[in-house]
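The values are calculated or read from the model by the stated rules, or taken from the named source; none is laboratory data. Note that the coordinates shown come from a computational prediction; the quantities given were computed from them, not determined experimentally. Glycine gets a Cβ as well: all are built from the backbone with ideal geometry, and neighbour counts include every protein chain shown.
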Amino acid sequence: MTSLTHKTTDWVKNGLISEAQAQGIITFEKNRKSLFSLFSMVLFLGFFSVAIGVVTVVSANWFSISNEVKMAGLFVCLIAAAVLLDRIKKQHPLLFEGGLFFYMLLLFAAIGLIGQVYHLKSDTYVAFLFWSVLAFPLLLLTRKVLFGYLWEFVFFAAVSASPRGREFWTFFLETFPSSLVLSFLAMVLFCVVSRFEKMPVFVRPVRVAAAFLSLFCLMFNEHYVSFFEHMHIRTPILFSIVVIGFCAFIALCKSYHRGEKQALLMLTGLYVLFFLFPPFRGSNYFFQLIILIGFVFTAYSFGAQKAVRFLVAVTAIRMLIAFFSLFGSLMYTGIGLIVSGMVILAMAYACFKVDAYMKLKDGKEKQHD
């Protein structure tokens with residue numbers, strides 16, 4: 001709240017809002033219930049204690065309870081919980097979100113109980129897939145993106161653990177063994193998914209995962225395969241299909257303006273160039289570094305100031321990783337430590353200058369508007 005007070009004070013000084021508006025913002029934030037407020041946390045502990053107590057009592061008398069009573073109690077709990085959630089949806093949105101989480105756990109417990117009562121044997125991934133199907137409608141009711149992360153992680157892990165999933169990933173990794181190609185595919189997924197503004201519960205986790213994978217492949221993976229060393233003929237064919245399809249998507253997408261389209265096409269051209277370029281020792285680092293810088297300019301063309309600063313920091317970290325990999329044996333000497341410190345200070349200074357420039361540029365654009 002102290003940070004908000006400083007911000008509103010600064011906004012008042014710059015004429016963005018009035019004193020009354022600033023006081024209204026502070027009052028609203030103070031009265032708004034947070035998911036991590038003292039009340040919600042104590043409430044959670046109360047429900048958690050009751051749930052643990054019920055589970056303890058049932059577990060102690062588990063074998064003396066008939067299967068019919070177990071199944072009847074299960075469906076009574078599911079129906080009662082659903083009715084309660086419907087009652088509190090509008091009046092208590094915070095409790096409703098927490099209730100959805102417990103209902104998801106209750107569905108998973110129901111799957112285990114049914115399997116135990118009827119002695120159903122199956123692989124673990126089948127149970128998680130079944131839970132994903134049952135829990136999917138609940139995601140249409142929530143506004144918390146955290147539930148989307150949870151559901152998509154479970155679903156992705158279950159599909160990957162299935163025989164079909166393992167076959168797919170074997171085929172995929174054999175077809176696209178290059179870290180640069182994997183980074184490009186993740187970047188394409190990020191750009192395509194970003195055009196879907198609806199259903200943020202599903203879209204945002206996919207965007208975050210795609211962005212993380214794209215950057216991760218440029219940061220740590222040193223494996224590189226070019227057009228001239230591909231293991232399968234399908235590698236360049238499928239890569240070309242993805243490139244052509246993505247370029248068509250960029251050209252036809254009306255939500256991109258000219259500068260954004262040019263930046264994305266430039267970035268795609270870099271990936272294609274480095275895919276066709278014959279590899280030599282040490283080339284992978286330079287390819288990765290240039291693409292990271294391309295990410296910076298692309299984010300700048302989209303006006304994403306925070307993303308620009310983040311990508312500049314990522315690029316600096318990638319340079320540090322290369323530096324420490326090359327001069328790792330010198331880090332134990334005094335000269336090595338001095339050089340390392342100077343490199344880190346230079347990186348920090350570069351980040352500071354870029355951040356200052358972006359803030360100045362952003363301020364001029366706001367004044368112009």
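Below, the figures for the structure above:
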quantity: Positions within the range 152-163 being surrounded by 12 or more Cβ atoms within 10 Å (Cβ to Cβ) and either more than 25 Å from ALA82 (Cα to Cα) or in contact with a Leu (Cβ under 6 Å, 6 or more places away or on another chain) (or both), in sequence order; calculated: PHE156, ALA157, ALA158, VAL159, SER160, ALA161, SER162
quantity: So LEU100, is it among the hydrophobic types (A, V, I, L, M, F, W, C), touching a Ser or Thr at 6+ places or on another chain (Cβ under 6 Å), at pLDDT 80 or above and within 15 Å of ARG143 (Cβ to Cβ); calculated: yes
quantity: Residue check, SER132 closer than 27 Å to THR235 by Cα and either assigned to a helix (DSSP H, G or I) or out of contact with any helix residue (DSSP H, G or I) (no Cβ under 6 Å at 6 or more places or on another chain) (or both); calculated: no
quantity: In the range 97-124, the residues that are of a type in the set (Phe, Trp, Tyr), without any contact (Cβ under 8 Å) to a residue 40 or more places away in the chain and assigned to a helix (DSSP H, G or I); calculated: TYR103, PHE108
quantity: Some residue of the range 175-193 being among the aromatic types (Phe, Trp, Tyr), without any contact (Cβ under 8 Å) to a residue 12 or more places away in the chain and either in a helix (DSSP H, G or I) or not assigned by TED's automatic domain parsing to the domain that holds LEU100 (or both); calculated: no
quantity: Filtered residues of the range 119-163 (kept if at pLDDT 90 or above, of a type in the set (D, E, K, R) and more than 30 Å from LYS89 (Cα to Cα)); calculated: none
quantity: Residue list for the range 108-134, filter: under 19 Å from ALA72 (Cβ atoms) and of a type outside the set (A, V, I, L, M, F, W, C); calculated: GLY112, GLY115, GLN116, TYR118, HIS119
quantity: The range 217-240, subset surrounded by fewer than 15 Cβ atoms within 10 Å (Cβ to Cβ) and not in a loop (DSSP other than H, G, I, E, B), residue modelled with the highest pLDDT; calculated: SER240
quantity: The range 155-210: number of residues that are within 28 Å of PHE302 (Cα to Cα) and of a type outside the set (Val, Ile, Thr); calculated: 25
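One line per residue, one yes/no per condition, for (1) touching a residue at least 12 places away in the same chain (Cβ under 8 Å); (2) within 15 Å of TYR103 (Cα to Cα):
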residue	(1), (2)
PHE136	yes, yes
LEU139	yes, yes
TYR149	yes, no
SER160	no, no
PRO163	no, no
PHE168	no, no
PHE172	no, no
